[in-house]
Protein chains: 2
Amino acid sequence: MDTRQMRYFIALAETLHFGHAAARMNMTQPPFSRQIANLERDLGVRLVERTSRQVTLTPAGERFLADARAVLARFDDACRDARLVAEGRAGALSLGFMMHAAQTVVPEIVRRYTALQPGVRLSLCETTPMEIEQGLINGTLDAGITFSGRAMPQIEVWPLFTDHLCLVTAPGHPLTELDVISPQDLAGLPVIAVSPQAAPTLRNAIEDFCTPAGVEPQYRFEPLLQHTILRLVAADLGIALVPESICRGVPDIDARPLVSAPELPVVLKTRRSRTNPAVQPLLDLLGSITFF
Amino acid sequence: MDTRQMRYFIALAETLHFGHAAARMNMTQPPFSRQIANLERDLGVRLVERTSRQVTLTPAGERFLADARAVLARFDDACRDARLVAEGRAGALSLGFMMHAAQTVVPEIVRRYTALQPGVRLSLCETTPMEIEQGLINGTLDAGITFSGRAMPQIEVWPLFTDHLCLVTAPGHPLTELDVISPQDLAGLPVIAVSPQAAPTLRNAIEDFCTPAGVEPQYRFEPLLQHTILRLVAADLGIALVPESICRGVPDIDARPLVSAPELPVVLKTRRSRTNPAVQPLLDLLGSITFF
DNA sequence: TCCATTGATACCTTTTCCGCATTTATGGGA
DNA sequence: TCCCATAAATGCGGAAAAGGTATCAATGGA
């Protein structure tokens, strides 16, 4: 008992004539009659009353006609949807990104992607660079926006723009006397920075700024979110070295450039073996966006 | 491409192992693999990525899995519904009845039937005895409550109760002086009665009351509804002979018995060839109801 | 490097399905 | 009343689809 018999039955219900219905199904009447009989036998229900002169639907047949039409419509939808997903014109795309990327590149990427691929449900996931990396590898994420980090063989990297490390302090902090900050200025000061488990690349950038000058950062709190860091700095619980893009328009802090500020390339990462066809349109639109 | 392949695919998606999925489908692995391959060929879409070590769903496969489950659920529902309708436990029953039957037997019948057969949608159709007869014959109605009328070979009759013809007049009409009305009392008075096209049985009952006594009713208006008749009588536009059951509790009229009042058997009628299984429970419950 | 696992392929058997010929049943017309 | 035309059911043989057995090929782990 399958959809073919449903199609046969619908043809019969619409013609109320075994011969004509068979012809519509491109077959002869005898096997057609047998299929209808088989369908009724499998259901255990008489769907049509037939004399040699006329065919009428039973109430069960009326109901089955409506239901069968619905089933076939769903069936065709399922096939169509599978094709659409395979073409990347439907389905879902899960995009992970560092929290603060929501302030920069994410809105524009989301806007353009949804305009281009209205059929694709875009699920956004704000998280840490480390979890983005993991999500890409284990398949939870299709793409991630994060700092470049060290190269991995199964991950492909698409540059977006380059952020720069900067210093943030509470307003009126002694360091605000200086126009530009050099590593030596930070010696002995408590530094609030994201934990190395959450964002190793950012943490490395901080180290790379300080250690060549012989300065050892005095880490104090190690929250997960850049926004938490800014709130702690605003409360004058320490200073911080953060990407400059996150400081724009944030109240109660003072942002100041660093001498030869370390570069923080922000990139989009994907699995090299991209099974989700919805990813390709995302890559295609990156070229057409200039972020800054 | 049919539901069997969908079932195969669901088994594969749930086990992610061709051999185990084949076993679940009570078959061996090679033909199972072929069916999956055929499904993918027909769809034109790759649903699973397979190496000799592991099987994973593609995004299209994920989507198709969800859709296929929905299709099969609908499919099974369609089969189950057909059986329920065949058993009379689902589907629809269309019951026609004379307007004024809503005052007597219809509410109790409806209440009991819906309690007994909650799955059956009961569609009620108030209309005239003539249209009930036609509806039964052409299949629009499954059952009808009406006056018995003349026997027809394809119609089966189930007695409900016996109504009686009575006289109604405006309050204060000269006839209200009499306790019981005989045909002669009506001579020359304008009679409002339902049209013979709408309710021939009732009309005949009126004739049968008058003509044996040599009285010729002077018909004045011939509305379709008994209620209209009562309103016209209340306005003193004439007298009327109506079933006594419709007079109860109606304001601004005076009802009065007739001498050897003609009986008006109220019955339920069905087609002798009852194709709708939902009718039988209706007949079953008639025996357990005593109407008056 | 070898071996176990697992999906794909080749080939054959079984089942299902379809087409042709024929039969059966029924309604209309002579 | 009989005959005939129409339409669905049935019998049977061939084709197509599905399944089974044996085997091959690829891959990951010991």
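Here are some notes:
- Within region A:47-71, considering residues that are under 14 Å from residue A:4 (Cα atoms) and more than 9 Å from chain B (Cβ to nearest Cβ), the one least open to solvent (accessible area, probe 1.4 Å): A:65
- Restricting A:13, A:70, A:23, A:37 to residues that are away from DNA strand D (no atom under 16 Å from the Cβ) and not aromatic (Phe, Trp, Tyr) narrows the list to A:70.
- For residue A:44: the one exception among (1) open to solvent by 60 Å² or more (accessible area, probe 1.4 Å); (2) within 22 Å of the chain's Cα centre (by Cα): (2)
- Matching option when the condition is among the aromatic types (Phe, Trp, Tyr), open to solvent by less than 20 Å² (accessible area, probe 1.4 Å), near DNA strand D (Cβ under 9 Å from one of its atoms) and away from chain B (no Cβ under 11 Å), among A:18, A:32: A:32
- Among the residues of region B:179-197, at least one is of a type in the set (A, V, I, L, M, F, W, C), surrounded by fewer than 13 Cβ atoms within 10 Å (Cβ to Cβ) and touching a residue at least 12 places away in the same chain (Cβ under 8 Å).
- Scope region B:82-120; condition within 13 Å of chain A (Cβ to nearest Cβ), open to solvent by 20 Å² or more (accessible area, probe 1.4 Å) and over 15 Å from the mean Cα position of the chain (by Cα); matching residues: B:83, B:84, B:86, B:87
- Residues in region A:215-244 that are among the polar types (S, T, N, Q) and touching a residue at least 60 places away in the same chain (Cβ under 8 Å): A:226 alone.
- Only one entry in B:86, B:68, B:92 is under 26 Å from residue A:39 (Cα atoms) and in contact with a Ser or Thr (Cβ under 7 Å, 6 or more places away or on another chain), namely B:92.
- Taken as a whole, the condition of being open to solvent by 20 Å² or more (accessible area, probe 1.4 Å) and more than 7 Å from DNA strand D (Cβ to nearest atom) does not apply to residue B:4.
- Test: residue A:201 is farther than 28 Å from residue A:121 by Cα, open to solvent by 30 Å² or more (accessible area, probe 1.4 Å) and among the hydroxyl-bearing types (Ser, Thr, Tyr): yes
- For region A:245-270, the candidate set comprises residues that are without any contact (Cβ under 8 Å) to a residue 24 or more places away in the chain and not polar (S, T, N, Q); within that set, the residue that is least open to solvent (accessible area, probe 1.4 Å) is A:250.
- Filtered residues of region B:37-96 (kept if at positive phi and without any contact (Cβ under 8 Å) to a residue 60 or more places away in the chain): B:44
- Of all the numbered requirements in (1) more than 14 Å from every other protein chain (Cβ to nearest Cβ); (2) at pLDDT below 90, residue A:138 misses one, and that requirement is (1).
The values are calculated or read from the model by the stated rules, or taken from the named source; none is laboratory data. This is a predicted model, so every value here is computed, not measured. Cβ atoms come from the backbone with ideal geometry, glycine included; neighbour counts cover every protein chain shown. The area values use the complete protein model at the heavy-atom level, side chains included, leaving out ligands, DNA and RNA. Shrake-Rupley method; radii C 1.70, N 1.55, O 1.52, S 1.80 Å.
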